[in-house]
Amino acid sequence: MSWLTNAFATVNAVTDDFAPRSPALVIAAVVLGIEAGAMALAAVLYVTFGFVGDGDSVGLSFALAAVAALAAVGLGLLTRGVWRARRWAVTPSITWQVLQGFVAAYVISIGGVVPGAVALALAVVGLVALALVSRTYASRD
């Protein structure tokens, strides 16, 4: 009987990945993926600035690169969790979107209108999508 249970578990694991996803879940995962890619790009740029920048800011550039790389990895894991419809990924993703919204508002206030507006738009879209995903999970209970 155990081999049969394992066979069904394998089939369920495979077919679950192809199960239909809600549009809100897809949008939330795409937004998180874009943010993870942006953080990875920021990490690469900080490393580049560390090598070609002036000697006074080398340590700062590499430290910021490390923080951006850690954030990119974390966002990548959250993206994977949201895409696979894991409940554990929703709360930290919502927290990230709120934090990103505050940082984006600050960037807009100091004159970086375009990057701030893009970050704020991603945060709002991601927050709404994650709220809908969270509501879907709550209605299942």
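The values are calculated or read from the model by the stated rules, or taken from the named source; none is laboratory data. These numbers come from a predicted model, not from an experiment. Note: ideal-geometry Cβ built from the backbone for every residue, glycine included; neighbour counts use all protein chains shown.
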Within the range 41-56, identify whether any single residue is of a type outside the set (K, R), under 26 Å from V128 (Cβ atoms), surrounded by 18 or more Cβ atoms within 10 Å (Cβ to Cβ) and within 14 Å of the chain's Cα centre (by Cα), and answer yes or no.
no
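For A65, are the conditions met, namely being over 17 Å from L127 (Cα atoms), under 12 Å from the mean Cα position of the chain (by Cα), of a type in the set (A, V, I, L, M, F, W, C) and surrounded by 14 or more Cβ atoms within 10 Å (Cβ to Cβ)?
No, not satisfied.
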Looking only at the range 101-109, decide whether some residue is closer than 25 Å to R21 by Cβ and either β-branched (V, I, T) or modelled with pLDDT of 95 or more (or both).
yes
Being modelled with pLDDT under 95 and in a helix (DSSP H, G or I) narrows it down to one of V44, V14, V67, V30, so name that one.
V14
Of the residues that make up the range 99-114, is at least one in a loop (DSSP other than H, G, I, E, B), of a type in the set (A, V, I, L, M, F, W, C) and surrounded by 13 or more Cβ atoms within 10 Å (Cβ to Cβ)?
no
